[in-house]
1. Could you please tell me which pairs satisfy a Cβ distance under 9 Å, a separation of 6+ or placement on different chains, a first residue in the stretch 8-33 that is under 17 Å from His137 (Cα atoms) and among the small types (Gly, Ala, Ser), and a second residue that is open to solvent by 60 Å² or more (accessible area, probe 1.4 Å) and assigned to a helix (DSSP H, G or I)?
2. Can Cys99 be described as open to solvent by 50 Å² or more (accessible area, probe 1.4 Å), out of contact with any strand residue (DSSP E or B) (no Cβ under 9 Å at 6 or more places or on another chain) and either without any contact (Cβ under 8 Å) to a residue 24 or more places away in the chain or among the aromatic types (Phe, Trp, Tyr) (or both)?
3. If you take just the helices (runs of 4 or more DSSP H) that sit entirely in the stretch 1-48, which of them hold at least 3 residues that are open to solvent by 60 Å² or more (accessible area, probe 1.4 Å) and at negative phi?
4. Counting residues that are more than 15 Å from the chain's Cα centre (by Cα), which helices (runs of 4 or more DSSP H) fully inside the stretch 71-124 reach at least 1?
5. Quick one: which residue in Ile174, Ile107, Ile198, Ile141 is out of contact with any Ser or Thr (no Cβ under 7 Å at 6 or more places or on another chain) and at pLDDT 95 or above?
6. So which of Gln13, Gln69, Gln46 is of a type outside the set (Lys, Arg) and closer than 30 Å to Ala170 by Cα?
7. List the pairs whose first member sits in the stretch 142-164 and is within 22 Å of Val201 (Cβ to Cβ), whose second member is of a type outside the set (Phe, Trp, Tyr) and open to solvent by 90 Å² or more (accessible area, probe 1.4 Å), and whose Cβ atoms are under 8 Å apart, counting only residues at least 6 apart or on separate chains?
Amino acid sequence: MPDIKNILAMYMQATPVDRQEGTVWYNNAHDICKEISNFYMIPLSQVVGVVSALSPNNKWDRNILDAEQLIRAYCLGYDYPSVCTFNGQKDKAITILECDIDSSDNICAILKGNKTIAFFRGILTDGKCDEITVDGHAFNIWRGMYTSLNEVPAISNKLYKTVSDCYRTAAVEINRIEGTSYSAAQIQAITWVTHRRINDVV
């Protein structure tokens, strides 16, 4: 069995508020993207694709602001604004918009990275999936330590799968013990919220 003890230990430190916030994190993100989709009349998958493309190295509130501003520029035909992520990620977001790509598989092919693909699928499915967004915090939870995100090593495809499998196994174990029905994505979100609270991460 994969080593899940650190994930379980973090879950057990979750307060009721942590569990509530984590359980609905992807649901709330989905609803925000749906509002943007409805307002600008473009497919939800495109909105989620843009949000996911702009997510690396970007705080969530800014991530959403950047995505909406980019979508507004596309819809109204003015120059794209600067964003708080890498230019290559901005280019991916623009490709998703300008090529009118609303196929999930094609969007994932543009996103390419394990984390951004998992983030895309987590939001698109309302958190009802077993895709794990392994960011620096999720990785540190898995290895049972806290570091700044700058100190998190590059995560290879093999290591990403190992960490993801641990979260999926932890979800099964938690549901068995507690009689819950959390998705693996929700367990990742609950532990992520808890980890950030404990370590006073803004």
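The values are calculated or read from the model by the stated rules, or taken from the named source; none is laboratory data. Computed from a predicted model, the values in this text were never measured in an experiment. Glycine gets a Cβ as well: all are built from the backbone with ideal geometry, and neighbour counts include every protein chain shown. To get the accessible areas, we keep the full protein, side chains included, count just its heavy atoms, and leave off ligands, DNA and RNA. Shrake-Rupley method; radii C 1.70, N 1.55, O 1.52, S 1.80 Å.
1. Close Cβ pairs (under 9 Å, with a partner that is open to solvent by 60 Å² or more (accessible area, probe 1.4 Å) and assigned to a helix (DSSP H, G or I)) amount to Ala14/Arg197.
2. On the way: open to solvent by 50 Å² or more (accessible area, probe 1.4 Å): yes; out of contact with any strand residue (DSSP E or B) (no Cβ under 9 Å at 6 or more places or on another chain): yes; either without any contact (Cβ under 8 Å) to a residue 24 or more places away in the chain or among the aromatic types (Phe, Trp, Tyr) (or both): yes.
Here the answer is yes, as Cys99 does meet what is asked.
3. Counting at least 3 such residues, we get 16-23, 25-40.
4. Result: 87-98, 104-111.
5. Numbers: Ile174 fails: out of contact with any Ser or Thr (no Cβ under 7 Å at 6 or more places or on another chain); Ile107 fails: out of contact with any Ser or Thr (no Cβ under 7 Å at 6 or more places or on another chain); Ile141 fails: out of contact with any Ser or Thr (no Cβ under 7 Å at 6 or more places or on another chain).
After applying the criteria, what remains is Ile198.
6. Going through Gln13, Gln69, Gln46 in turn, just one is of a type outside the set (Lys, Arg) and closer than 30 Å to Ala170 by Cα: Gln13.
7. Going by the 8 Å Cβ cut-off, the qualifying pairs are Gly144/Lys5.
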